[in-house]
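The values are calculated or read from the model by the stated rules, or taken from the named source; none is laboratory data. Computed from a predicted structure; not experimentally measured. Because the Cβ atoms are built from the backbone with ideal geometry, glycine has one as well, and the counts that use them run over all protein chains shown. Just the protein is used for accessible areas: all its heavy atoms, side chains included, with ligands, DNA and RNA removed. Shrake-Rupley method; radii C 1.70, N 1.55, O 1.52, S 1.80 Å.
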Amino acid sequence: GILSMTFSETVSVSSINYTSITLQAKKNETRNAFRLSGGKVRGNDSTIIYIELLEEDLNQVKANAALAIDNSSTFLRLDDFTILDMRNNSIIHLPAFNASAVSIFKEDTTAPF
């Protein structure tokens, strides 16, 4: 699975902190949520970054029947210092009560585990 994120300015892919990224099922609820444990960035510094999710993380997301089913059940939360811009400034965090809805969702057809 691939997670893509778009920023208003170029960000440094080498600064990404995967464990600061959480997927949650609702904009303001953390009950059905999953914090990434790692990943691999595809590409270079840019305004759009692509993260290849770890297989074990992807399986955990798939195992949660309420999370990442479609656009309405996939929101992104970012902690402080999730990623830095090219001047080493942290991006503005997205707290649990104001998580960002995904704009494009592609269903995964591979069963977990």
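The set of residues from the range 11-45 being farther than 12 Å from I83 by Cα and of a type in the set (S, T, N, Q) comprises T22, Q24, N28, T30, N32, S37, N44. Does any residue of the range 22-31 turn out to be under 14 Å from the mean Cα position of the chain (by Cα) and in a helix (DSSP H, G or I)? No: zero hits.
Per the conditions (1) charged (D, E, K, R); (2) closer than 14 Å to L36 by Cβ; (3) in contact with a strand residue (DSSP E or B) (Cβ under 8 Å, 6 or more places away or on another chain), the sole criterion not satisfied by D80 is (2). Step by step: first the residues of the range 62-111, then only those that are of a type in the set (A, V, I, L, M), open to solvent by 50 Å² or more (accessible area, probe 1.4 Å) and in a loop (DSSP other than H, G, I, E, B), then the one that is nearest to T47 (Cα to Cα). Which residue is that? Ranking the candidates gives M86 first. Scanning the range 43-54 for residues that are over 11 Å from the mean Cα position of the chain (by Cα) and either modelled with pLDDT under 95 or among the aliphatic types (A, V, I, L, M) (or both) gives G43, I48, L54.
Across the range 33-53, the qualifying residues are those that are assigned to a strand (DSSP E or B) and without any contact (Cβ under 8 Å) to a residue 40 or more places away in the chain, and the one among them that is farthest from A68 (Cα to Cα) is S46.
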